[in-house]
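Structure first, then comments.
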Number of protein chains: 4
Amino acid sequence: MKKGRLEAFSDGVIAIIITIMVLELKVPHSAELHALVPMLPTLFCYVLSFIYVGIYWNNHHHMIYLVDKIDGKVLWANLNLLFWLSLVPFVTAWTGENHFAQWPVIFYGAILAMCGAAYTLLGYLLVKRSGKNSLLTQAMGHDWKSVVSVVIYLVGMAIAFYNPLISMALYVSVAIVWFIPDKRIERQILGDEAC
Amino acid sequence: MKKGRLEAFSDGVIAIIITIMVLELKVPHSAELHALVPMLPTLFCYVLSFIYVGIYWNNHHHMIYLVDKIDGKVLWANLNLLFWLSLVPFVTAWTGENHFAQWPVIFYGAILAMCGAAYTLLGYLLVKRSGKNSLLTQAMGHDWKSVVSVVIYLVGMAIAFYNPLISMALYVSVAIVWFIPDKRIERQILGDEAC
Amino acid sequence: MKKGRLEAFSDGVIAIIITIMVLELKVPHSAELHALVPMLPTLFCYVLSFIYVGIYWNNHHHMIYLVDKIDGKVLWANLNLLFWLSLVPFVTAWTGENHFAQWPVIFYGAILAMCGAAYTLLGYLLVKRSGKNSLLTQAMGHDWKSVVSVVIYLVGMAIAFYNPLISMALYVSVAIVWFIPDKRIERQILGDEAC
Amino acid sequence: MKKGRLEAFSDGVIAIIITIMVLELKVPHSAELHALVPMLPTLFCYVLSFIYVGIYWNNHHHMIYLVDKIDGKVLWANLNLLFWLSLVPFVTAWTGENHFAQWPVIFYGAILAMCGAAYTLLGYLLVKRSGKNSLLTQAMGHDWKSVVSVVIYLVGMAIAFYNPLISMALYVSVAIVWFIPDKRIERQILGDEAC
């Protein structure tokens, strides 16, 4: 029951975040084809952020699926994740409109790193709460993937001082790795006849 | 369970898409009746896109209804559909504000075609996953309607180089055909006493 | 099941409509108290529209509660209602920004009338579908209240040619009458132990 | 059932409120770091309001959890709370953009006070309806915390005439106190095996 409302609220917030990003694609006044050209970096960032938010939704979905009960700490760890996700549209638009300039790219990486850290924290609290023998604990194991992702975002932020395009390439490559939903959890769910 | 969250998230995103389109109806500064006249093409496009998004919601609703389980591929095929739907407000506003100019109309058709292709792909994956004897497979049959729609969008895009109004008429006629919910599935549901 | 998604989608759209109206309260640049004065008509219209949309949500909630099954026609009658509700933020902002000028007030009434007509149509289809002895049919009876409301909106639109403030007073008085949730249905629900 | 839709609608509205606030973080045109400096007060207000709305969602979640049935009065008391919450993005942006000027800070406090009063009223109606021996009544006790919060907001509003920063500090301190979810209710839920 309680879990249901956490899911519903998170779905609502993530659905809004993923959709309001498109409001940053300002409709050009000109009806010519070339009017779309300056929008290409913004469109690229929109696609990347859409995939990132989609990844968070997918993995959040999988992770909460294995949880039985939640408490106040989990509610706030979840709101913390939603807070950092809510800043994704801002850095997406800033990066796109400035054609991958240095500072926007650094902040893009910083927000991705905070999202990753918030997700790791939420996972840690859920695992801790559910006990050593729970399905979730077995499914999550040591969550190296999240930790390594955050490190790559930090590296990307540093590299942006030299070449922000390499940073963007790093952010894209992390997205590709995460694109595949968390096999550990999926396997657990498939082995779980309640599914 | 898992299906429930997919439905909830899709409902959320589609509800936001269908509603934020109205934000493109910029409130005129003048209080005179003629201030609404230049908005008529935008209003027309809003109505058409509202019907299109409504059609997708209805058919999505019917299709997912017959599905038992979903997996990671389906989640991403669904996000792919939501991505293309999220661009509908953009092309709607661009087409409306430029009074059915050539390039906006071509892109309107392109986004409709991508939505149609994404829906067809989602349906294909769901049918493939659910097996030959499932209700869904029997209900969907060969999904000619979706394929023909995409072909008409492509024809509409080509015709826009000569006369974009004919393209719009084609898009409207596809909407009219789809307006009727998927009888194949509805029949299946009605024959299904769980309904 | 099917009803559940109709409710969820309607809740989503109505929640967005009721909330995006507040985006029309443009934040004034000045930090002085008098900067809020020109916003008072917009704020008044926001409150009125918030109550109207709240009334529709409440009554929609009550009406769907008594329904067992829905079909394609009901889905579209429901989308029709959501379409007209989605135009409420537009006429709210237009009326507020123009301080109750004639044409905005006329269109405010027109949109309220269309919402009322769409709600009546939805109720009619649901009653027709559920049969003469259903709880809903007994609860709804002859839906004079909706019909009379639409007539008052039409009268309000006509009076706006003479004095739009009288029209606004009429719209406010209809809201007051509807403010009380549909006793007929509430009584039915209270008598229904499933509640 | 009825409670489910109240929760879903409230979740939807609160999710939208908490997310559209981020739209007030206008993307700067410059790509330089110092372009973010004038946004810091807005960002600070965004964080504070995000926490406030999160607190309301958490406590709303807990309170409704213990409720069995709702009626028309509760629906409207809930809409009243949502109305005042919907004005939070407006005062957040006004306060942030004017760097904690006197009048915006006073209105920020006024909206917080109205939210607090609306929440207290909703709790009062729910307790009254559920009877003296209900879990909710035992859990809520005398809701001093809400009352004291409203008093502090009023004090903050008065102090803003001398120094608005002290007012902001008061608003922050109330948020800190509420940050911890309502232990009274949480305890009740933990003792309730239905949880």
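Among the residues of region D:5-47, which ones are of a type outside the set (Val, Ile, Thr) and closer than 23 Å to residue A:5 by Cα? Reasoning before the result, please.
Taking region D:5-47 first, the residues of a type outside the set (Val, Ile, Thr) are D:5-12, D:15, D:21, D:23-26, D:28-36, D:38-41, D:43-46.
If the condition is that a residue be of a type outside the set (Val, Ile, Thr) and closer than 23 Å to residue A:5 by Cα, then D:5, D:6, D:7, D:8, D:9, D:10, D:11, D:12, D:15, D:21 are the ones that fit.
Can you give me the number of residues within region B:75-87 that are within 17 Å of residue B:146 (Cβ to Cβ) and more than 14 Å from the chain's Cα centre (by Cα)?
Qualifying residue count, region B:75-87: 1.
The conditions are (1) farther than 24 Å from residue C:51 by Cβ; (2) surrounded by fewer than 19 Cβ atoms within 10 Å (Cβ to Cβ), and residue D:71 fails exactly one of them. Which is it?
Against the list (1) farther than 24 Å from residue C:51 by Cβ; (2) surrounded by fewer than 19 Cβ atoms within 10 Å (Cβ to Cβ), residue D:71 comes up short only on (1).
If you take the residues in region A:74-87 that are within 29 Å of residue B:77 (Cβ to Cβ) and more than 10 Å from chain D (Cβ to nearest Cβ), which one is surrounded by the fewest Cβ atoms within 10 Å (Cβ to Cβ)?
Taking region A:74-87 first, the residues within 29 Å of residue B:77 (Cβ to Cβ) are A:78, A:81-82, A:84-87.
So of that shortlist, the ones also more than 10 Å from chain D (Cβ to nearest Cβ) come out as A:81, A:84.
Values: A:81: 25, A:84: 19.
Among residues in region A:74-87 that are within 29 Å of residue B:77 (Cβ to Cβ) and more than 10 Å from chain D (Cβ to nearest Cβ), the one surrounded by the fewest Cβ atoms within 10 Å (Cβ to Cβ) is A:84.
Suppose we keep only residues that are in contact with a Phe, Trp or Tyr (Cβ under 6 Å, 6 or more places away or on another chain) and more than 13 Å from chain A (Cβ to nearest Cβ) within region B:102-117. Which one would you say is farthest from residue B:23 (Cα to Cα)?
Looking at residues that are in contact with a Phe, Trp or Tyr (Cβ under 6 Å, 6 or more places away or on another chain) and more than 13 Å from chain A (Cβ to nearest Cβ), I get B:113.
Given the structure, is residue C:43 modelled with pLDDT of 90 or more, touching a helix residue (DSSP H, G or I) at 6+ places or on another chain (Cβ under 8 Å) and within 7 Å of another protein chain (Cβ to nearest Cβ)? Outline the logic, then answer.
Values: modelled with pLDDT of 90 or more: yes; touching a helix residue (DSSP H, G or I) at 6+ places or on another chain (Cβ under 8 Å): yes; within 7 Å of another protein chain (Cβ to nearest Cβ): no.
Answer is no for this residue.
Among the residues of region D:88-101, how many are within 17 Å of the chain's Cα centre (by Cα) and more than 7 Å from chain C (Cβ to nearest Cβ)? Walk me through how you get there before you give the answer.
So the first thing to find is which residues in region D:88-101 are within 17 Å of the chain's Cα centre (by Cα), and the list is D:88-93, D:95.
Checking the rest, the ones that are also more than 7 Å from chain C (Cβ to nearest Cβ) come to D:88, D:91-92, D:95.
Within region D:88-101, residues that are within 17 Å of the chain's Cα centre (by Cα) and more than 7 Å from chain C (Cβ to nearest Cβ) number 4.
Residue by residue, here is whether (1) buried (at least 20 other Cβ atoms within 10 Å of the Cβ); (2) aromatic (Phe, Trp, Tyr) holds:
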position: D:9; (1), (2): yes, yes
position: D:13; (1), (2): yes, no
position: D:16; (1), (2): yes, no
position: D:35; (1), (2): no, no
position: D:40; (1), (2): no, no
position: D:47; (1), (2): no, no
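Taking only region B:157-195 into account, find how many residues are part of a loop (DSSP other than H, G, I, E, B) and modelled with pLDDT of 85 or more.
In the first step, residues of region B:157-195 are kept if they are part of a loop (DSSP other than H, G, I, E, B); the result is B:160-163, B:180-182, B:191-195.
Subset that is modelled with pLDDT of 85 or more: B:160-163.
Looking only at that region, the number is 4.
State whether one or more residues within region A:50-62 are over 30 Å from residue A:162 (Cα atoms), out of contact with any helix residue (DSSP H, G or I) (no Cβ under 9 Å at 6 or more places or on another chain), within 10 Å of chain B (Cβ to nearest Cβ) and not hydroxyl-bearing (Ser, Thr, Tyr).
Within region A:50-62, none of the residues are over 30 Å from residue A:162 (Cα atoms), out of contact with any helix residue (DSSP H, G or I) (no Cβ under 9 Å at 6 or more places or on another chain), within 10 Å of chain B (Cβ to nearest Cβ) and not hydroxyl-bearing (Ser, Thr, Tyr).
Please count how many residues of region B:105-148 are among the hydroxyl-bearing types (Ser, Thr, Tyr), touching a Ser or Thr at 6+ places or on another chain (Cβ under 9 Å) and either surrounded by fewer than 21 Cβ atoms within 10 Å (Cβ to Cβ) or at pLDDT below 95 (or both).
Initially, region B:105-148 is screened for residues among the hydroxyl-bearing types (Ser, Thr, Tyr), giving B:108, B:119-120, B:124, B:130, B:134, B:137, B:146.
Filter once more, keeping what is touching a Ser or Thr at 6+ places or on another chain (Cβ under 9 Å): B:108, B:119-120, B:130, B:137, B:146.
Cutting the leftovers down to either surrounded by fewer than 21 Cβ atoms within 10 Å (Cβ to Cβ) or at pLDDT below 95 (or both) gives us B:119-120, B:130, B:137, B:146.
Within region B:105-148, residues that are among the hydroxyl-bearing types (Ser, Thr, Tyr), touching a Ser or Thr at 6+ places or on another chain (Cβ under 9 Å) and either surrounded by fewer than 21 Cβ atoms within 10 Å (Cβ to Cβ) or at pLDDT below 95 (or both) number 5.
The values are calculated or read from the model by the stated rules, or taken from the named source; none is laboratory data. All values reported here derive from a predicted model rather than from experimental measurement. Counting neighbours? That spans all protein chains shown, and the Cβs are built from the backbone with ideal geometry, glycine included.
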